[in-house]
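The values are calculated or read from the model by the stated rules, or taken from the named source; none is laboratory data. All figures in this text were calculated on a predicted structure; none of them were measured in a lab. Cβ placement follows ideal geometry from the backbone for every residue including glycine, while neighbour counts extend to all protein chains displayed. Protein only, heavy atoms only, side chains kept; ligands, DNA and RNA dropped before computing areas. Shrake-Rupley method; radii C 1.70, N 1.55, O 1.52, S 1.80 Å.
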Amino acid sequence: MPAIVIVGAQWGDEGKGKATDLIGDDVDYVVRYQGGNNAGHTVVIGAESYALHLLPAGVLSSKATPVIGNGVVIDPAVLIEEIDGLESRGVSCDRLLISANAHLIMPYHIALDKVTERYLGSSRIGTTGRGIGPTYSDKAARVGIRMQDLLDPGILCQKLELVLREKNQVLTKVYNRRGIDAKATAKEYLAHFERLQRYVADTGLVLSKALDQGEVVLLEGAQATQLDVDHGTYPFVTSSSPTAGGACAGSGVGPTRITKVIGVVKAYTTRVGAGPFPTELTGEQGQWLRKTGMEYGVTTGRPRRTGWFDAVIARYATRVNGITDYFLSKLDVLSGLERVPVCVAYDVNGTRHDEIPMTQTDFHHAVPVYEYLDGWREDISAAREFGDLPPNAQAYVRSLEDMIGAPLCGIGVGPRRDQTLRLRPLA
Ligand code: GDP
Ligand code: IMO
Ligand code: MG
């Protein structure tokens, strides 16, 4: 009966992949509901490390059926490469289902993503350059190409010719780029479809029937709350809805089916790309966090911006997602600090804000108000139960729990599956 949502509480890379993988064996379906190959989810199983971009982390579970929902945007070449890469390592993708309604990232989306970023200059978003924004723009403008369009080559060519009439004008006349040929693009995508057709399904219907039969569906968000196009630090966001509300629109599962929303939150904060980040550390401490936490992007390899834990951001995530449980990741990274600063509010031009300021201008001027919690020196990566943590680490965790307003169900003390403290059942 129940559907469970997993959502990132900060600016992405919280460890959603690991958290999803941990629950994978206890659920029947794992569904990606938005985003595309801008996501990078690392899952470490024993000595093996897997970097997933489009496939839900449930693909690594022996039980769950992985589903790419209608809200995802798909670059077929990337998806085929990912499937081939996993199968060559002995991971079967046979059960994969792909929504017929998912939109396709086309070559002109990737070209436009890169060129518009260049034109924005110092105002650029710092996108992953994978064509995500332009694909969602076309979806909203009702000129997108969907997976099901590949079933009918005639329709595909018609749609492509129509859309390229405008895109090629923009590419050649505004941006001085080469135009894209409709026929060659159709041929390329139809060839990809030969590989992907077997996975295409009415996934909303499949999930609904599964829920009716008492099966458990996990809805896996990519990106995170602060990158949500409505609820994030707009315009420095992605172009979809990673927040829990987006899980319904992006999967076809109705809201009354959702019984649990798990927020994944890192014991400190990171961000890739431009935009406000009040607790950012630009000096030595920031470098220490980056090095110790190995904070480099899975998708683009970019160094992540780093900073202390921001309880205002996390409380906001609890509110907009209706988070019922938190998974706290990367606690092990903070070992060795004498004191651990935690941002509990902001000072904006002399006024204390306990919530994110209403306007972007105020948020840009937010200065963190810190509380300092006692640190711990011990390496905690071998801890397996809450009681194994040093008293100060326990106190740090309990303080965060109080500040963010939802109980923890698990704590990560390392990248591997076994480096997890389970406090409550995850599924
Ligand atoms: P996602 O995008 O939210 O899935 O997160 P990423 O995979 O991009 O980034 C999280 C990184 O931290 C990955 O390299 C994980 O293997 C790693 N990781 C996850 N949980 C933990 C943890 O508890 N401790 C440590 N040290 N690393 C972790
Ligand atoms: P996961 O799922 C961190 C950021 C980009 C950029 C902004 C818009 O691994 O947490 P886009 O290419 O989506 O138009 O870029 O969003 N971004 C991410 N940052 N983790 C991600 O995914 C991200 N996906 C997009 O860096 O600032
Ligand atoms: Mg990531």
Handout entry: Close pairs (6 angstrom Cβ cut-off, 6 or more residues apart or separate chains): within 16 Å of GLU371 (Cα to Cα) in the range 344-359, among the acidic types (Asp, Glu) anywhere
Key = VAL344/GLU371; ALA345/ASP354
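Condition first: crowded, with 17+ Cβ neighbours inside 10 Å and either within 12 Å of ligand 1 (Cβ to nearest atom) or part of a strand (DSSP E or B) (or both). Now tell me which residues in the range 301-318 satisfy that.
The answer is ARG304, ARG305, THR306, GLY307, PHE309, ASP310.
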Handout entry: Residue list for the range 33-65, restricted to those being out of contact with any helix residue (DSSP H, G or I) (no Cβ under 9 Å at 6 or more places or on another chain) and within 16 Å of ligand 2 (Cβ to nearest atom)
Key = SER49
Practice task
Having 2 or more residues that are of a type in the set (Ser, Thr, Tyr), assigned by TED's automatic domain parsing to the domain that holds GLN226 and modelled with pLDDT of 95 or more is the bar; report the strands (runs of 3 or more DSSP E) wholly within the range 337-413 that clear it.
Solution key: 367-374
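With the condition kept exactly as written, say whether any residue in the range 129-147 is within 16 Å of ligand 1 (Cβ to nearest atom), in contact with a helix residue (DSSP H, G or I) (Cβ under 8 Å, 6 or more places away or on another chain) and on the phi < 0 side of the Ramachandran plot.
Pass one, the range 129-147, residues within 16 Å of ligand 1 (Cβ to nearest atom): 130, 132.
Okay, now just the ones that are also in contact with a helix residue (DSSP H, G or I) (Cβ under 8 Å, 6 or more places away or on another chain), so 130, 132.
If we keep only those that are on the phi < 0 side of the Ramachandran plot as well, we get 130, 132.
Yes, there is a match, as at least one residue in the range 129-147 is within 16 Å of ligand 1 (Cβ to nearest atom), in contact with a helix residue (DSSP H, G or I) (Cβ under 8 Å, 6 or more places away or on another chain) and on the phi < 0 side of the Ramachandran plot.
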Problem - Selected residue (criterion: most open to solvent (accessible area, probe 1.4 Å)) from residues of the range 1-37 that are near ligand 1 (Cβ under 10 Å from one of its atoms) and of a type in the set (D, E, K, R) - result: ASP13
Handout entry: Restricting the range 241-288 to residues that are open to solvent by 30 Å² or more (accessible area, probe 1.4 Å) and within 16 Å of ligand 1 (Cβ to nearest atom), the residue that is nearest to the chain's Cα centre (by Cα)
Key = VAL272
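Please tell me if ALA222 is in contact with a strand residue (DSSP E or B) (Cβ under 8 Å, 6 or more places away or on another chain), part of a helix (DSSP H, G or I) and either under 21 Å from ILE132 (Cα atoms) or open to solvent by less than 50 Å² (accessible area, probe 1.4 Å) (or both).
On the way: in contact with a strand residue (DSSP E or B) (Cβ under 8 Å, 6 or more places away or on another chain): yes; part of a helix (DSSP H, G or I): no; either under 21 Å from ILE132 (Cα atoms) or open to solvent by less than 50 Å² (accessible area, probe 1.4 Å) (or both): yes.
In short, no.
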Fill in the blank from the handout: Log entry, pairs with first residue in the range 31-58 being of a type in the set (Lys, Arg), second being open to solvent by less than 10 Å² (accessible area, probe 1.4 Å) and within 10 Å of ligand 2 (Cβ to nearest atom), beta carbons closer than 7 Å, six or more apart or on different chains, reads ARG32/GLU220; ARG32/ALA222
Problem - Of the criteria (1) farther than 30 Å from LEU205 by Cβ; (2) modelled with pLDDT of 95 or more, which one SER251 fails - result: (1)
Completion exercise
ALA51 fails exactly one of (1) more than 10 Å from ligand 1 (Cβ to nearest atom); (2) under 29 Å from GLU188 (Cβ atoms), namely (1)
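Here is a list: PRO134, PRO107, PRO153. Which entry is open to solvent by less than 50 Å² (accessible area, probe 1.4 Å) and over 20 Å from the mean Cα position of the chain (by Cα)?
Checking each option against the conditions leaves just PRO107.
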Practice task
Scan the range 72-85 residue by residue and report those that are surrounded by 18 or more Cβ atoms within 10 Å (Cβ to Cβ) and either of a type in the set (A, V, I, L, M) or part of a loop (DSSP other than H, G, I, E, B) (or both).
Solution key: VAL72, VAL73, ILE74, ASP75, LEU79, ILE83
Handout entry: Criterion (within 16 Å of ligand 2 (Cβ to nearest atom) and in contact (Cβ under 8 Å) with a residue 60 or more places away in the chain) met by exactly one of THR233, THR259, THR318, THR324
Key = THR233
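One line per residue, one yes/no per condition, for (1) crowded, with 21+ Cβ neighbours inside 10 Å; (2) under 28 Å from CYS248 (Cα atoms); (3) of a type outside the set (Phe, Trp, Tyr); (4) more than 24 Å from the chain's Cα centre (by Cα):
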residue: VAL333; (1), (2), (3), (4): yes, no, yes, no
residue: GLY336; (1), (2), (3), (4): no, no, yes, yes
residue: ARG339; (1), (2), (3), (4): no, no, yes, yes
residue: GLU371; (1), (2), (3), (4): no, no, yes, yes
residue: TRP376; (1), (2), (3), (4): yes, no, no, yes
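Inspect all residues belonging to the range 291-299 and state whether any of them is away from ligand 3 (no atom under 16 Å from the Cβ) and either touching a strand residue (DSSP E or B) at 6+ places or on another chain (Cβ under 8 Å) or outside any strand (DSSP E or B) (or both).
Restricting attention to the range 291-299, the residues satisfying the condition of being away from ligand 3 (no atom under 16 Å from the Cβ) are 291-292.
After this cut, where a residue has to be either touching a strand residue (DSSP E or B) at 6+ places or on another chain (Cβ under 8 Å) or outside any strand (DSSP E or B) (or both) as well, the list is 291-292.
Yes.
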Fill in the blank from the handout: Subset of the range 23-34, residues modelled with pLDDT of 95 or more, outside any loop (DSSP other than H, G, I, E, B) and over 14 Å from VAL206 (Cβ atoms), comes to ARG32
